[in-house]
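Structure, as structure tokens:
The values are calculated or read from the model by the stated rules, or taken from the named source; none is laboratory data. Just so it is clear, the model here is predicted, and its values are computed rather than measured. Cβ sites come from the backbone with ideal geometry, for glycine too, and all protein chains shown count toward neighbours.
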Amino acid sequence: MVLLLFAFLSGLVTIFAPCIWPLLPIILSSTTSGGKYKPLGVTLGLMTSFTLLTLSISYIVKIIPFDPDSLRIFAVIIIGFLGFTLLIPQLSQILEGYVSRISGKAGGNKNRSGFVGGYITGFSLGIVWSPCAGPILATIATLAATQAVSANVVLVTVIYVIGVGIPLFLFAVLGQRIFSKSKSLSPYTGRIQQAFGLIMILTAIAIGTGYDRTLQTKLLDVFPSYSNFLYSLESNQAVKKQLDSLKGQRGAVLNLGKAPEFIGITHWLNSEPLTLAQLKGKVVLVDFWTYTCINCIRTLPYVTGWYEKYKDKGFIVIGIHTPEFEFEKKTTNVEKAIKEYNIHYPVGQDNDYATWKAYNNQYWPAKYLIDVQGNLRLTHFGEGQYEETEKAIQELLKEAGQTTGSSYVPLQEQTPQGRLTPETYLGTARIDRFASPESIQNGAHVYTSPRDIPEDNIAFTGTWDGSPEYSISGNNASLSLRFIGNKVFLVMMPRDEKSEVKVYLDGKLISGENAGADVRNGLVQFSTNDFKERLYDLVHLKNDGQYHLLKLEFVTPGTKLFAFTFG
């Protein structure tokens, strides 16, 4: 009920979201003609198509392979055509005749035909509308994309869409009454309809060219308060707990069947080769991690703390190091990371993703808790839920006859609670939100920076040599990133210890308490005493909840950049 309430409230406040504003003129224009049921048709059409596509598009594409963008093209054609019907009255009359037949009522019943026409308009809008997604809608989209839709996910989506529909319906009804009841506007109704027709045509062109997304981003830049409000509304602990439950991250210890065996491990560190069968009789926590992942790094104090606390009671942690980047496959790099983070439990290098695939894993970090019989009893993906995980460890140890107590490892959780810029990859295979006017490409190319960089976007300037996994700075290279978060980390590898990278924050060379641990006097500190391919700590900010502009200037060429992460 908590999640349903907040889903409804989140949908309700969407009317104030910059991302819905480009649709409002279309909704308003569609009510200037047609019967009194047309606003209801527009609203229900939008609700229907958005719900169906959000929940089922991944299933449909799997059954019938097609390009989902074709739906967007279909919507553009419908919206553009409806705009022409308003612009050209004779075309409108022809359309109304066809709609009347579709409605099944002879004589073109205006209310019935108005509802059908409105429904067609709304259905088209639902195809192209991308709401400003907070944690609730983001969870729904993720579950739908991974084909993990359940009855609860459908219910939350429907409640969210009902919240969206109520203010949209009231807006459409109000617009209709203004145009139908206002004596001052009635003489100009025809001209107003034509003006709105032109707006619909221009909107269709914007959607067809993708400019609608750019416009939404610019509106969010101008009005960032909505996004901050939405995230603060949805980020309370009660909602987070329910979202975790929706994703299957439950605190209760279940029985999920036999755990898969460790396979394809290229090297074992801190241990001789191990199998899960050898560990029968112990409670086992399998931790998938990689040493440059900031989310993994933040969980390691808990994982190492659990190991030290319960290792003498029949508990063991098996770290499965599955690399995200090619350089993370180097055993010497992993050994240094193990030493740096005080890891004393066995770690297996899963360089070929064999164990990762055996567990059907998709996340860094990911934890799988296994009982003494080799049964998988709990899974958790990402950060957080540390007390729930430790409680489950205690329960399984008690099942095995051990006494554990009920206290928890005394650590302060470092998981960020506010909005963060998503992890941002810099290789050509996975880079997105790229704002330079030129398309990112493999090989050496010259890039330019746009006048304005949208939120969460990145831009290159100068020469960059792109490859699928990373980009290498060339002559006069710089990088700009508009981000939100308290901390900024960058996985990179300098050419040598003399490489120079200057760090600017909001136009000024970074200094003082805003500089990360690896930055001194505005320069990133590289050292040959450490492995060079690692996560560098660049920015530390106080929790102001605002977007900032980070610029990196590469004085010397040859630095490889892999990915940004945020905290």
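Please go through region 508-521 and pick out each residue that is of a type in the set (Gly, Ala, Ser) and crowded, with 17+ Cβ neighbours inside 10 Å. Passing the criteria: ALA515, GLY516.
Please indicate, with yes or no, whether at least one residue in region 527-534 is of a type in the set (A, V, I, L, M, F, W, C) and surrounded by 20 or more Cβ atoms within 10 Å (Cβ to Cβ). No, region 527-534 contains no residue that is of a type in the set (A, V, I, L, M, F, W, C) and surrounded by 20 or more Cβ atoms within 10 Å (Cβ to Cβ). The requirement of being of a type in the set (Gly, Ala, Ser) and touching a Leu at 6+ places or on another chain (Cβ under 8 Å) is fulfilled nowhere in region 404-420; no residue meets it. Just one residue in the set LYS498, LYS551 is charged (D, E, K, R) and not in a strand (DSSP E or B); that residue is LYS498.
Would you check if ASP496 is over 17 Å from GLU533 (Cα atoms), of a type outside the set (Lys, Arg) and surrounded by fewer than 22 Cβ atoms within 10 Å (Cβ to Cβ)? Taking the combined requirement at face value, the residue does not satisfy it. For the residues ASN333, ASN375, ASN351, the requirement of being over 23 Å from ARG534 (Cα atoms) and polar (S, T, N, Q) singles out ASN375. For VAL503, the test of being surrounded by 15 or more Cβ atoms within 10 Å (Cβ to Cβ) and more than 19 Å from THR448 (Cα to Cα) is failed.
Screening region 290-341 for residues that are under 26 Å from VAL372 (Cα atoms) and of a type in the set (S, T, N, Q) and picking the one that is modelled with the lowest pLDDT gives THR299.
Each row is one residue, and each column tells you yes or no for (1) farther than 15 Å from HIS267 by Cβ; (2) among the polar types (S, T, N, Q); (3) buried (at least 22 other Cβ atoms within 10 Å of the Cβ).
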position	(1), (2), (3)
LYS309	yes, no, no
LYS313	yes, no, no
ILE320	no, no, yes
GLU328	no, no, yes
HIS344	yes, no, no
LYS357	yes, no, no
ASN360	yes, yes, no
LEU378	yes, no, yes
GLU383	yes, no, no
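Over 25 Å from PHE325 (Cα atoms), at pLDDT 85 or above and either exposed (fewer than 13 other Cβ atoms within 10 Å of the Cβ) or in contact with a helix residue (DSSP H, G or I) (Cβ under 7 Å, 6 or more places away or on another chain) (or both), is that true of ILE393? It is true that ILE393 is over 25 Å from PHE325 (Cα atoms), at pLDDT 85 or above and either exposed (fewer than 13 other Cβ atoms within 10 Å of the Cβ) or in contact with a helix residue (DSSP H, G or I) (Cβ under 7 Å, 6 or more places away or on another chain) (or both). What about LEU397, is it in contact (Cβ under 8 Å) with a residue 60 or more places away in the chain, under 20 Å from the mean Cα position of the chain (by Cα) and at negative phi? No; evaluated as a whole, the condition is false for this residue. One residue stands out among those in region 398-445 that are of a type in the set (Lys, Arg) and at pLDDT below 80: the one that is farthest from LEU535 (Cα to Cα), which is ARG419. Taken over region 297-325, the criterion of being farther than 20 Å from SER406 by Cα and in a helix (DSSP H, G or I) is satisfied by ILE297, ARG298, THR299, LEU300. When PRO346 is tested against the conditions (1) within 21 Å of LEU276 (Cα to Cα); (2) under 29 Å from the mean Cα position of the chain (by Cα), the lone failure is (2). Among the residues making up region 501-517, those that are part of a strand (DSSP E or B) and more than 14 Å from HIS548 (Cα to Cα) are VAL501, LYS502.
Residues of region 536-548 being surrounded by fewer than 21 Cβ atoms within 10 Å (Cβ to Cβ) and part of a strand (DSSP E or B), which ones? Those that are surrounded by fewer than 21 Cβ atoms within 10 Å (Cβ to Cβ) and part of a strand (DSSP E or B): ASP537, HIS540, HIS548.
All of (1) without any contact (Cβ under 8 Å) to a residue 24 or more places away in the chain; (2) closer than 19 Å to PHE564 by Cα hold for HIS445 with one exception: (2).
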